């Protein structure tokens, strides 16, 4: 009987972030007759996310990294790789790429790959600053050259970004990010739209424009608030719901107050049942300055909510302007306001955009489709290694 391929999906931490969700969907959907999978966390895993994995009988391992200077984590990962005879090490994020990649090479795994969820040429400097961002990307380049056999990105835009940093084109593959709508919808109490809005403090008779995301500069929330000021002056029945937390939360609250938008813009820094949000909003807006393949766009597509988004990153590969959503330039609050008004005034257009987006989601962005593409990459890496062994 053919032996299973042993895989470690290694994350900075197991939580509910996009990298963790992607790894979780892979682990959950891999063919159990072919693959034996572990979900690894370099740092301590978040308990709820760890429980989610264990509820699906996914084996979880934590490597207890205390700080970026804890180089002994390489030894701990190495010992695990050897003990469990891991064939494929799949890294998500720069810590796993560097520390896990080194451990994978020392342990002589048959294949080491990394998935980069954003365009590092743009996103890393925005999140960490130019100097630290340049250092991180330099280390990633070293990791890619010496440790990784394959680099997976989520869009053509991201592929061009990693090529600019010096990654080899021949080692780059594109696999679109996805969401698992079964997971999003399961174990959720069903409330009416009015009940959900009441919990959020929003009048039920309003047209609700929603957005979800971490409150960082690259998410463009200030442009959405400025657009909101223009929108409510013309359409007072529109309100905005922002779900998210992050370093800019206080500044965002200050901007809302300074524009006298307290009755029109609602900021909720935490909401557990995200599916309820999509069921209660009339339009989803993503005003980002840069993106990969954002999960929130996929979620809006899956829940058949019309979408207005900025034309950045992988978004134009997901949304066809005028057909499955409306795309606008980034950093343009006027264009954003006009697009919101266009959807508000034409509900038939809103339904058409939402239906087209839902159809596209079901065709291209399912967890099963993504997992099959990764299964193919894993098997190709094993075959490549066996071919090397046979050569004299």
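The values are calculated or read from the model by the stated rules, or taken from the named source; none is laboratory data. Predicted model, so just to flag it, every value in this text is computed and none were measured. Heads up, the Cβs are rebuilt from the backbone with ideal geometry, glycines too, and the neighbour counts pull from every protein chain shown.
The residue that is modelled with the highest pLDDT, counting only those in segment 143-163 that are surrounded by fewer than 14 Cβ atoms within 10 Å (Cβ to Cβ) and more than 22 Å from the chain's Cα centre (by Cα), is 146.
Conditions tested, residue by residue: (1) surrounded by fewer than 18 Cβ atoms within 10 Å (Cβ to Cβ); (2) under 21 Å from residue 375 (Cβ atoms); (3) modelled with pLDDT under 95.
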{"residue": "46", "(1), (2), (3)": "yes, no, yes"}
{"residue": "58", "(1), (2), (3)": "no, yes, no"}
{"residue": "67", "(1), (2), (3)": "yes, no, yes"}
{"residue": "79", "(1), (2), (3)": "yes, no, no"}
{"residue": "83", "(1), (2), (3)": "yes, no, no"}
{"residue": "99", "(1), (2), (3)": "no, no, yes"}
{"residue": "103", "(1), (2), (3)": "no, no, no"}
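Applying the set (1) outside any strand (DSSP E or B); (2) touching a residue at least 24 places away in the same chain (Cβ under 8 Å) to residue 242 leaves exactly one unmet item: (1). You will find that of 192, 185, 170, the residue that is at pLDDT below 85, over 30 Å from residue 247 (Cβ atoms) and within 21 Å of the chain's Cα centre (by Cα) is 185 and no other.
Residues in segment 374-387 that are exposed (fewer than 14 other Cβ atoms within 10 Å of the Cβ) and under 17 Å from residue 28 (Cα atoms): 376 alone. Applying the criterion of at least 1 residues that are within 21 Å of the chain's Cα centre (by Cα) and more than 25 Å from residue 201 (Cα to Cα) to the strands (runs of 3 or more DSSP E) found wholly in segment 262-368 leaves 307-310, 326-328.
Entry remark, segment 346-358: residues being out of contact with any helix residue (DSSP H, G or I) (no Cβ under 7 Å at 6 or more places or on another chain) and either modelled with pLDDT under 95 or within 24 Å of residue 218 (Cβ to Cβ) (or both) number 1 in total.
Every residue, every condition in (1) crowded, with 24+ Cβ neighbours inside 10 Å; (2) under 21 Å from residue 116 (Cβ atoms), yes or no:
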residue	(1), (2)
290	no, yes
323	no, no
340	yes, no
359	no, no
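Checked against the criterion of being surrounded by fewer than 21 Cβ atoms within 10 Å (Cβ to Cβ) and in the same structural domain as residue 277 (by TED's automatic domain parsing), the candidates 259, 224, 241 yield just one match: 259.
Reported count of residues in segment 245-261, each being over 24 Å from the mean Cα position of the chain (by Cα) and in a loop (DSSP other than H, G, I, E, B), is 3. Here residue 276 meets each of (1) crowded, with 21+ Cβ neighbours inside 10 Å; (2) under 27 Å from residue 178 (Cα atoms) with one exception, condition (1).
Can you find a residue in segment 23-32 that is more than 28 Å from residue 159 (Cα to Cα) and touching a strand residue (DSSP E or B) at 6+ places or on another chain (Cβ under 9 Å)? Taking every residue of segment 23-32 in turn, none turns out to be more than 28 Å from residue 159 (Cα to Cα) and touching a strand residue (DSSP E or B) at 6+ places or on another chain (Cβ under 9 Å).
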